[in-house]
Structure formats: structure tokens, C-alpha cells
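Notes for the one structure printed next.
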Ligand code: GLC
């Protein structure tokens, strides 16, 4: 069986990673140039967000051709070189497959609008109801989820932007076309795939209004999704071939994720879920903010750790990605205790059961952007909600306060390579750098011995060295402690205890540590102590 349990994945958002040709946009050659840096960190896979041909309305998640590279990122040769150079360094590539929808610029959609019935059936077109959209479903980026097409006198479904038309997975030709895409990239040497919002692909038989919500309950974890995933993996050559897969699951459930990631089901290696990243959503609404609920955060992690373990499922472990504000700014202190906090957050998830993902910049403790001028924001969702929030009565200042907490652009700013203009590009970057690049940057990190970067190296080493990290059972500790997030891992005779202080106040560890030795600490301490300083993390192993 494919054994990936000691592997770690690094996520790159190419547009903001490294600009090799100085046009202000990060590119594929830029990724290749920085492979030695990634190798030094010690990861096994690079997941890159999409760089396929695309009008870039959603930064590449609106794919116009799965077989060609968007010229703003480079060429097919650049991609081949990236795969080859990464392979030389023992790093595999994981590509991002956006299969719930295509761009409306995709050949298939253009043919559909031009009157081709065959391609029309690649999408979800429905008649108007009472002269209006077929249902009241809300798009994830705001507004109704249907767009009128005068060509057909019908509406097409777009769960995301109007330029991202949902594919009709009921159609076997669609499923075959998508499996062919995966096959093509496997033949090029790609060893992993991330499937974008893949639990939304199975739509209901009938489309009806949702009077209780925004429609998601009708298409989330739909009834044929398991069948479709099995087919996709089998037909594309994923099944049985040591290819790492992760599904991005939107508003999913534990029970469903356990099935998607149970190896016996031959669907996916693991799943991303987002429940733990909603603990600061007021009334469960993304665009309403509140201080985060620490107990809820712990409960959710614990529930998913235990629940997946019991059911033979596997979690993708992450705090950050290109859609989330930086966890460091969100849950900890990103100024006085920036470095301590970054390390503590890293330890907290890297020592759990599952596969850790590191999002570019996390390994050097990058922070939220916090822009307060709308033209500094580039994301379609941020622009839509800046308007929607003000239409719903918020002042401009309040709308900025919310964007500062929620905008996806918080984590999309350029990678901070050095203190000299940031080192990402010598042109104008497509999105502003964060001012703290003078202090927070790769060059500084690589110089210092107790950097966030070296702590992450250590975390990755621990996963490779200790089976208790990669395979051990998870047990909840100090469940209701108001300040400490703690857990126990065990494997054979190995036992490991992990304690994380999520707050600034120093706190005693209420546990007898006799017979244990500390093997990881984000503070340089010469004497043993049984307390945790601000944002301190300590890991003990049984002797
Ligand atoms: C996923 C991607 C996100 C994108 C959306 C639509 O959530 O991570 O960036 O906007 O899917 O494709």
C-alpha cells in the first residue's frame, strides 16, 4: 500500500512566489529557481495552485484549458523543467485540478454558447422559473448562482464567479474528459493532485429553492460524489499508482471525509476541511467577525483527529492557504510574539495525525496584509463583499475592518525573500508586499539559528524520525483547559505529549512530567520548567 504518512507538503501560490522575469508576476521558472530553498526545508511534495491557461478572474481557478500553461506563468517547457528539477531533489509535484467548473472562456463553454448541443451538456443549463433564475441559490462569491444566457434563453449554474461555469458530472463525456486531463499530467511526471471543491461535483436531480440556507445543502457531498471520485481515480491511473491526492471539501462532514479518505474506498489519500477555520465567524457567517473561540478550535481539531482515526480516514493538517488569512495574525500575536507564535502553531498541527501542509511564507512567519485601500485588493471575492457589506449598512471603515480579517488577499501578498525591496520582483508587484518584509524575510531566517524556518525543519525531521508522529494514535489531553491545547500520541512503546499555550499569560502544565524528556521547545531554555511562557510549545517523549 502507498505509504505517505511521513510526508509533508509545501503549497506555492505561483503568482506571489518568485518573479524570475521581472514583470511583477511570479512564475514557474521562479518556482524552479527556488527549489533548493524548498529542499532545504525538507518537504516531499509541492502543491502548486493552478497555472493553466485562464483569464485569471479567480487567479487561475477559472481554467480555460487544462492542457496549456498560461503565458503569464510561463510555458509547457518551464513546467517540464520544474517537474524534472524537483525530481532531482527528491520532491514531487502535486497539481491543482479545478474540476467543479471551468472558465466561461474554455473551448467547451464557448462551443456550448455557440449552439453545440454536445458541449452544452457539459454544463448545467436550466430554464427560467417565472422569468427568473431557476433557484435562489447564492454564489460563494456573492449574488445569485445562476447567470442568464441569451444564446439559449436559459440560465447556467455558477457556484463561484459568473465566469466559472459548473460542469455537469452527470454527463459521462465530462467525466471521461476530466480523467484524460489527470492522465495527461501523470504522464508528464506529476505525482500528486489536489482536487478543488471536489465535494460539490454531484448536483441534485431536481433543482429547488432553498428557504433555509444558500443552497449548499443540495449539492454538498452529493449522492454520486463517491462514485464519481472512484471512477476518476480509476480511469485516470491514480488508483494503485502511489499518487498522493487531496480533496478540498467545502462545508463537509466528518463522516463523508472519512469515506473519501479511507484507503479501502480507493478515492482520495486525504481531505481538507475548514470547520476549524470558522471559529471566528459570528453566527457562522464568513463576513461577520468575532474574537475566535479557543475551546471550539480545540474541540474541532479533537473531534476530527479522533473521528478520522476511528473511521480509518486521514486528515490534511493545515492552518493556512491562499484562501485563508494568516493563522498567525488570526489566532496569535503577530508582533511582539511573532516568531514564538509561528513556531507554536506549526508544532500544534505538525505533531498531530495526518499530513501537514505548509503554505508559502508560513515557514518564515509571514503576517496578514491588512490593506485599507480597496484598489490594493485584487481578489474578486473581496471586491464583491466590499460592496455587499456597504450595501448592507456597514460604513467603509467597518467594511475595511472586516476585509482585514477575512480577505483572501491577506495571504496572497508576495513571498518576502529579503530586506531589500522584498526580493520578489524588481518590477511593481501585482499585489503590494507587506511592509514588514524588512524584518520578516527568508534571508534573515536562514541566517538565524532559532528561526521559524529552522523550527519547521525540525518539525519535518521529527515526522520522519518518529513513527509516533507519523503513525501514532491520538488522544485528547486537558480537554477543557482554557489556555493549553494538549494531546498525547502513542505508537508501540513510544509516547509523546504535546503542550501548546495559545495565550500570552504564562501557565503551569497541569501534568506530571516525571519520566518524560523534552525534545522540542520554541524557547531557548537551559533549565527544565513545567510552565509555558507566552505562546510556548513543548513536546515530551517518554523515556
Ligand atoms: C477553492 C480554491 C479557491 C477558488 C475556489 C473556486 O476554494 O481554493 O481559491 O476560488 O475553489 O475554484
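The values are calculated or read from the model by the stated rules, or taken from the named source; none is laboratory data. Here the structure is a predicted model, which means the values were calculated and not measured. Backbone-built Cβ (ideal geometry, glycine too); neighbour counts: all protein chains shown.
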If residue 142 meets every condition in (1) within 16 Å of the ligand (Cβ to nearest atom); (2) surrounded by 20 or more Cβ atoms within 10 Å (Cβ to Cβ); (3) not in a helix (DSSP H, G or I) apart from one, which number is that one? (2)
Here are some residues: 237, 247. Which one is closer than 24 Å to residue 174 by Cα and within 15 Å of the ligand (Cβ to nearest atom)? 247
Kindly indicate whether residue 268 is part of a helix (DSSP H, G or I), touching a helix residue (DSSP H, G or I) at 6+ places or on another chain (Cβ under 7 Å) and crowded, with 17+ Cβ neighbours inside 10 Å. no
So which residues in the stretch 88-108 are away from the ligand (no atom under 15 Å from the Cβ), touching a strand residue (DSSP E or B) at 6+ places or on another chain (Cβ under 8 Å) and farther than 15 Å from residue 193 by Cβ? 91, 107, 108
Got a number for residues in the stretch 504-517 being in contact with a strand residue (DSSP E or B) (Cβ under 7 Å, 6 or more places away or on another chain) and under 19 Å from residue 345 (Cβ atoms)? 3
Restricting the stretch 61-74 to residues that are over 23 Å from the mean Cα position of the chain (by Cα) and free of Cβ contacts under 8 Å to residues at least 40 places away in the same chain, the one farthest from the ligand (Cβ to nearest atom) turns out to be 71
Within the stretch 448-477, how many residues turn out to be in contact with a helix residue (DSSP H, G or I) (Cβ under 9 Å, 6 or more places away or on another chain) and either on the phi > 0 side of the Ramachandran plot or free of Cβ contacts under 8 Å to residues at least 24 places away in the same chain (or both)? 3
Sort out which residues of the stretch 137-160 are in contact (Cβ under 8 Å) with a residue 60 or more places away in the chain and touching a strand residue (DSSP E or B) at 6+ places or on another chain (Cβ under 9 Å), and write them in order of number. 137, 138, 141, 145, 159, 160
Among (1) in contact with a strand residue (DSSP E or B) (Cβ under 9 Å, 6 or more places away or on another chain); (2) over 22 Å from residue 4 (Cα atoms), residue 284 falls short only on (1)
Taking residue 321 as the residue in question, decide whether it is under 27 Å from residue 222 (Cβ atoms), away from the ligand (no atom under 16 Å from the Cβ), crowded, with 16+ Cβ neighbours inside 10 Å and within 15 Å of the chain's Cα centre (by Cα). no
Within the stretch 412-431, is even one residue part of a helix (DSSP H, G or I) and either buried (at least 22 other Cβ atoms within 10 Å of the Cβ) or out of contact with any helix residue (DSSP H, G or I) (no Cβ under 6 Å at 6 or more places or on another chain) (or both)? no
Within the stretch 35-50, how many residues are in contact (Cβ under 8 Å) with a residue 60 or more places away in the chain, away from the ligand (no atom under 14 Å from the Cβ) and part of a strand (DSSP E or B)? 1
Against the condition in contact (Cβ under 8 Å) with a residue 24 or more places away in the chain and either part of a loop (DSSP other than H, G, I, E, B) or more than 29 Å from the chain's Cα centre (by Cα) (or both), how does residue 182 come out, does it pass? no
Against the condition in a helix (DSSP H, G or I) and more than 21 Å from residue 450 (Cα to Cα), how does residue 349 come out, does it pass? no
Would you check which residues across the stretch 435-465 are in a loop (DSSP other than H, G, I, E, B) and surrounded by fewer than 20 Cβ atoms within 10 Å (Cβ to Cβ) and list them? 439, 448, 449, 450
Against the definition (part of a strand (DSSP E or B), crowded, with 21+ Cβ neighbours inside 10 Å, more than 16 Å from the ligand (Cβ to nearest atom) and modelled with pLDDT of 95 or more), how does residue 148 come out, yes or no? no
Identify all residues within the stretch 156-182 that are within 16 Å of residue 198 (Cβ to Cβ), in contact with a helix residue (DSSP H, G or I) (Cβ under 7 Å, 6 or more places away or on another chain) and more than 11 Å from the ligand (Cβ to nearest atom); write none if there are none. 167, 168, 169, 175, 178, 179, 182
Take the conditions surrounded by 22 or more Cβ atoms within 10 Å (Cβ to Cβ) and either within 16 Å of the ligand (Cβ to nearest atom) or at pLDDT 95 or above (or both) and apply them to residue 23. Does it pass? no
The lone exception for residue 74 - which of (1) at positive phi; (2) surrounded by fewer than 22 Cβ atoms within 10 Å (Cβ to Cβ) it fails: (2)
Residue under evaluation residue 120, criteria (1) touching a helix residue (DSSP H, G or I) at 6+ places or on another chain (Cβ under 6 Å); (2) over 23 Å from residue 177 (Cα atoms); (3) away from the ligand (no atom under 16 Å from the Cβ), criterion not met: (2)
